[in-house]
Amino acid sequence: AESWVIMVTAQTPTNIAVIKYWGKRDEKLILPVNDSISVTLDPVHLCTTTTVAVSPSFALFRIGCGLMGRYQFSCVFPFFSREIRARACDVEDKERGIKISKKDWEKLHVHIASYNNFPTAAGLASSAAGFACLVFALAKLMNAKEDNSELSAIARQGSGSACRSLFGGFVKWKMGKVEDGSDSLAVQVVDEKHWDDLVIIIAVVSSRQKETSSTTGMRETVETSLLLQHRAKEIVPKRIIQMEEAIKNRDFASFAHLTCADSNQFHAVCLDTCPPIFYMNDTSHRIISCVEKWNRSVGTPQVAYTFDAGPNAVLIAHNRKAAAQLLQKLLFYFPPNSDTELNSYVLGDKSILK
Ligand code: PMV
């Protein structure tokens, strides 16, 4: 029997939304009720590494996921695999005399290994990086010619926010119009070099798993919140335009204002859900007050905050000086291992956008 193996390894960072995605108009295809915009982190921090391998000697599909949720992966793999196989092209390694033709891909089995360089249980977005990385690695392995936007429409169906992790820099997920979801995909707004003096610090407030998953939360919000409808129709479309402008002009004051307002409205929409969903806790609220007070006292915003479906604070500082001051404040007001709920570490990032 032939005994070669072909392997591809890819690395994908997670992304943090500054204009939030919350609510699906189609649960099966994962189509959102509004556009969203995110920033992709530095590949050094909060990133997934995935290796996919193929060999004629592999008799079965196998998955070894390290820290990444194996169950989540196994559920979505058949779909990803089918989609990428349908786009597979011939692969040739002349040196080793290996040739895989388009139709061989149907018979071959793939092995996957994936791990996160951060604790999955820390309540930090992990599925986004994981799914984006798997789709990208499979596409490379099978020599699919689709560009990253086209691949993002596949990753989207693992988890919505995953579609935004196929690009660096700032990324927009366009909700799309058509029913089959083919135009609901991610595009890059600016690349990672455009605004590289921003610094992101994540304050890990609680490492407990969230009580309401984003899937359940979104469903309940769509079913019960009137505020969500107002947000999706009237607020977000305008904010998306303003946010793109702010990013393109590196206008930190507008960027910070929009980011904080959108995070707060997302949590207001959660509160407007029946029964209400609480993702932030007292420590999250105290961090917001602390940042608001500081920004006000300086006169121009130094730091923006945003919270996803959990209590951890994502803080985006204007530059290194503001980041250093922020860390000082966090350590003073929220000392590690004190009786505040702030966990023993704050994940400081050197520079997110490199
Ligand atoms: O992609 P999901 O299903 O994990 O949902 C992500 C939802 C938020 O993180 C709260 C917002 C966002 O746009 O990423």
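The values are calculated or read from the model by the stated rules, or taken from the named source; none is laboratory data. Since the model is a prediction, treat every value here as computed from it, not as a measurement. Cβ coordinates were reconstructed from backbone atoms using ideal geometry, including for glycine residues, and neighbour counts include every protein chain displayed. Each accessible area value is taken on the protein alone, full model and side chains, heavy atoms only, with ligands, DNA and RNA left out. Shrake-Rupley method; radii C 1.70, N 1.55, O 1.52, S 1.80 Å.
Below are the figures for this structure:
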item: Hey, A139 modelled with pLDDT under 85 and either within 16 Å of the ligand (Cβ to nearest atom) or open to solvent by less than 20 Å² (accessible area, probe 1.4 Å) (or both) or not; result: no
item: Matching residues, region 151-167, being more than 10 Å from the ligand (Cβ to nearest atom), over 11 Å from F136 (Cβ atoms) and open to solvent by less than 20 Å² (accessible area, probe 1.4 Å); result: A153
item: Of all residues making up region 261-297, the number that are touching a residue at least 60 places away in the same chain (Cβ under 8 Å) and more than 27 Å from E223 (Cα to Cα); result: 2
item: Looking only at region 27-48, and only at residues there that are within 12 Å of the ligand (Cβ to nearest atom) and among the acidic types (D, E), the one that is most open to solvent (accessible area, probe 1.4 Å); result: E27
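A quick yes/no check of all residues on (1) hydrophobic (A, V, I, L, M, F, W, C); (2) more than 29 Å from F278 (Cβ to Cβ); (3) not in a loop (DSSP other than H, G, I, E, B):
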{"position": "G168", "(1), (2), (3)": "no, yes, no"}
{"position": "K177", "(1), (2), (3)": "no, yes, no"}
{"position": "D183", "(1), (2), (3)": "no, yes, no"}
{"position": "V189", "(1), (2), (3)": "yes, yes, yes"}
{"position": "W195", "(1), (2), (3)": "yes, yes, no"}
{"position": "V222", "(1), (2), (3)": "yes, no, yes"}
